Structure formats: structure tokens, C-alpha cells
């Protein structure tokens, strides 16, 4: 399986996330939202942004722990298993594709004023254009997105600066014209304005330094977009006649005509066009990564995980996404579908917050996010409750349509995915820890996958020490042992591995201990011996919860046994130094004792911070 290259910078992340948000949320919705809440609609936009924050924290943690193509699908799959993983993958793909198709129709509406072609034909041509751009490479598509978003923000800033000087304060009186409750109801209505924020997570595998650039890019995007929304709506309310504003679908363009006549209206209309372009481009970039990731997990056929040799893009997934968007544009009415897409996104937000709780409580040692969500679990519970509030505000008909789509996704799982995929999940690990206490419930697949993700994410050098640890013998002893019994036990294990008489090994361990104790620190012992022969090196990692009893009744809960031939003495010394560094890592003792099995013990040592050499 070919991996995607990390080519997207912090600026690219910011622009993809921002471009996915700023379109209909500012150029179409303000008038309709004003009719619902009056001047207090400004608070509705801010409240909707605040509701996004818990999920933003959760997604930042999850994507920095698992920066893989597919974003929320990938970690929901690893958190809940294949059933909800299938639902999450299709749901994210559908929601983004619907929103992208809606943006293309918005662009088509602008262009059809200057073209004899029908609106839908223009939108179809634009869809093909953006598919081609994305096929040429994510870096090319990302740079294209940067230019679009910079121009868009520049024009909106100009609109705000000139508009603030013309604001009529009397337009804001009374501020709560529709009552206090309308602010909350309208927040649900404008929530779709922020729907694209976290979708950049689907590009995580292609982001350079994802531990830094993903959360920082998403937070900056939300902050900038919220400020732009609030100020632009403030200016629009302050300039326009309230009665006209209630009924217009082009509020920013109409207000710009008041500010600077037809020339400025054309300039702002160009900004709106850029906004729809950036949303459509971001939608194809993000949505196309879901079939890729689902194919890797065998939820979809292998065909969709192919990566183009020259452009390094998932060309089959991009083409599939383009074909699906073309179908939506040509045959479906989008008004209700956009609302359904928003309700699906809210469900995914709820699952994202639940996923953080699952991974934290399962205590999987290989789950190592670069960004840690603060105020856990209050933030996650708040995000779940906020999502449920927004779903209720959607109305029963939209929820009914959403359930139909979810039912079709579950049907696909039953007829195809269930037969082809089998995967451990954090949910199973959590149940094992809390209820079953049966170590046979799960395999080490998830632990190994998370370990490999961390190695790739952090560019961990797989030096000789790394390889020795990866091939080490790991033992988890649940009964107290005297030092002599422990050495006899380990010698027996090593004799089979190294084809050396166990009595010889045991005698060497005892002689080494008589020369000087290998209990080097509280709870830590590193027995190490030199044996005859060449190219012999073996590490044994041992956890003893009750403790190995050394002289003077001192206990060792962490024991690292090293056996080496004389020709590898240099590696022997490096291993001693590495173990010293590893065991001094923050919370190492606590994580050591809480590791659930030998795979977690090995990964804890393998991924610990230490000085590495090429």
C-alpha cells in the first residue's frame, strides 16, 4: 500500500479549513438568519462557533494521535469498530460531497448570469474542472486553495473596514427583536456555516508536522472565520434596511452596492465566487480521502486505495467523488439534502467526542496524541450535549431523512463490509478492562497500527536499539519471585532463544549480581551479562507487578535483562544508556504498571523519547 506524501503546510491547513467554511454562511444565510433572530443574529454566529470548540478540541487530539487519510472516519473506525466506522466513512463522504455540490451550484448561479448555459450545466463543467485540479496533486490543489482564500479574506476585510464607517446604530434597536430564545434556534440554523472546519482532518496524512500544524491550523481558522462572520454580519445589519435584509439571498452583495455602488458590488460578488470555488475545491480534496481510507480497511473494494504514480493522488477516489457530485447536481434537489448533511455532521461531531473518551478510558499505551484536549471529560460531554441540542433543532423530518441514509449505510456493512473487515477497537479494549478481564478478547492489531502511526508521524529513527526492542522477549510476571528464582526462570527462556545452556546463563547472572547489584534505581533492575560466541544480543523486558525480590528485600517492578557477546559490547553499552533514558521519561512508571499486555509494554519502551542514532 502506497502512502501519501506530507506536502501541506500550516498555511495550507488554515486555507483548506477556512475555504471549506466561508461561502453560503456569509454570502447567503445572514439575511435569512436575520429574519429569525433580528440584530442578535450576530450572537447566533458566535454561539455556533462556540459550540464547535469542544469538537475541535477532540478532533485536534484524535487527528494528532492518528494523522491518517479519512480523518474522523479513521478514528471512529478505531474507536467503535467496523459498523460505526462504515457509517462514519460514508456519512462524511456524503456530507462533504453534498456541500461541495451546493457550492458548485452557487458558483453556477453567478456564472449563469454571464453565460447562456443553464445553471446545472455550468456547475457540472466546474465539477470536472476541480476534479482535474485535484488529480494533479494535493500540493497544487492546496496552493490553489491558498490563493483563493487570501483573495477572499482580503475583499471581506475591505468590506468590513469601509462598512464600519457607515453603520447606522439605530438598526440594532431593539437588539433582541425576536426574543432571547431565537438566538439559540438561529445558532442551529447557521451552524452549517462552520460545517467544513474539521474536515481538513481527512487530509491529515498529507500534512507536514501534523502534531503542530493540524490543531493550530484548525484553531486559527475557527478564530478568523468567527471574527469575519461576526463583523461582516454586523456591518450588513448596520447598513441595510431591515425589511430588505430579511428577504434577500445576497445580503453582502446588496450591502456593498450601498457602500460603493455597482463597482464595489461586482468586487464583492467576485469574492462570493471565490468563496464558492474554495468550498468546492476543499470539498473534493477532503471528501475524496474517505473512499481511500475505507478501501484500506476493506469497507470498500481495493480499487479505491490506488495512488497515482506520477501525481501521488488517490485518483480513483477523486474521480468517484467527482462522479457522485455530478450525479447530485444533475438529479437531486439539494435544499433538504444540505440540511441532512448538516445533521450527519453533527452526529459525527458527537461520535468524535465519544471517541476521545473511548481512547482515554481504554488506556491504550500507543494512543499518543501530540495535542491533549483540556478539561477532559467536561469538554467532551459538553460537545455531546451541544450536538444533541443542535439535532433537536433540526426538526423531525430532517432527522427521519438522516435515519434513512444511516440505514442504507448499515445495510452496506451487512452485505459487504462485515464479510471483508475485522478490526479491534478502543471500545473492545475498554470493555475488556472494565468487564471481561479476558485477555483473549482482542489481538494486538490496533496496538501495532497505532505504534506504526506514531513512528511515521514523529519520524522516529529505527536504529539498532529500536530493532533490538522490537525483537525483544517480553514477560509479564504476576507472582512474586526471589531474585534467584527469577534468574533461573529467565535463563530457561533465554536458553531456548539463544541455544545456550540455561545453567551457564544462570551462573553468569548470579556472578554478575555478586560483583555489584544490578538494581540501579528504585523499582528498576538491569541485569546484563557477556556470553561466549559472536553476534549474540538479546533483550528481555520484564514487568513484575508484585516485584522481583532482590537482596535486602528491595523490589524491582521493571527489569531489563541484556545478554550480549563480547563483539557487541558497544551495542551493549548503548542499550544500557538507552534504558536509563527511557525509564526516566515522564509518567513512565505509571504507564508501565497500567499497560494491559506485553504488546503495550513493548510499545511503551519502543516509542519512549530517547537519543537516537542513524
In degrees rounded to 10, the 0-90 angle between helix 502-515 Cα long axis and the longest Cα principal axis of the chain is 90 degrees
Within the chain, the percent of DSSP beta bridges that are antiparallel, given to the nearest 5, stands at 45 percent
Net lengthening on full extension, residue 507/residue 577 (0.36 nm per residue, minus Cα-Cα) | 22.7 nm
Using Cα pairs closer than 8 Å and at least 6 residues apart in sequence, work out the relative contact order for the chain, in percent.
-> 21 percent
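Relative contact order of region 462-606, please, whole-number percent, based on alpha carbon pairs below 8 angstrom and at least 6 residues apart.
Working: 211 pairs, mean separation 41.0, N = 145.
Result for region 462-606 is 28 percent.
Rounded to the nearest 500 deg cm²/dmol, what is the calculated helix-only ellipticity per residue at 222 nm for the chain, with -39500 (n - 2.57) per DSSP H run of length n ≥ 4? Provide the component values of the computation, followed by the final result.
Working: 25 runs with 392 residues, N = 614.
Per the formula, -21000 deg cm²/dmol.
Once the convex hull of the C-alpha atoms of region 462-606 is built, how many Å³ does it hold per residue, rounded to a whole number?
On the way: hull volume 15.1 nm³, N = 145.
About 104 Å³ per residue, rounded to a whole number.
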Quote the convex hull volume per residue of region 262-367, based on C-alpha atoms, as a whole number of Å³.
-> 195 Å³
Would you kindly compute the Cα radius of gyration of region 116-245 and its largest Cα-Cα separation (Dmax), both in Å?
-> 19.1, 53
Using alpha carbon centers only, region 341-410 is separated from region 56-79 by a whole-angstrom value of 12 Å
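Suppose the chain between residue 132 and residue 463 were pulled fully straight at 0.36 nm per residue; how much longer would it get relative to their current alpha carbon spacing?
Working it through step by step, the gained length comes to 115.0 nm.
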Across 10 Å bins from the origin, how do the percents of Cα pairs in the chain run, short distances first?
-> 3, 16, 23, 21, 14, 10, 7, 4, 2, 0
Using Cα centres only, tell me the gap between region 199-274 and region 588-614 in whole Å.
-> 46 Å
Degrees, to the nearest 10: 378-394 long Cα axis against longest axis of the chain = 30 degrees
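Throughout, read-outs are computed from the coordinates displayed, never taken from laboratory work. Predicted, not measured: the structure shown is a model, and the values here were computed from it.
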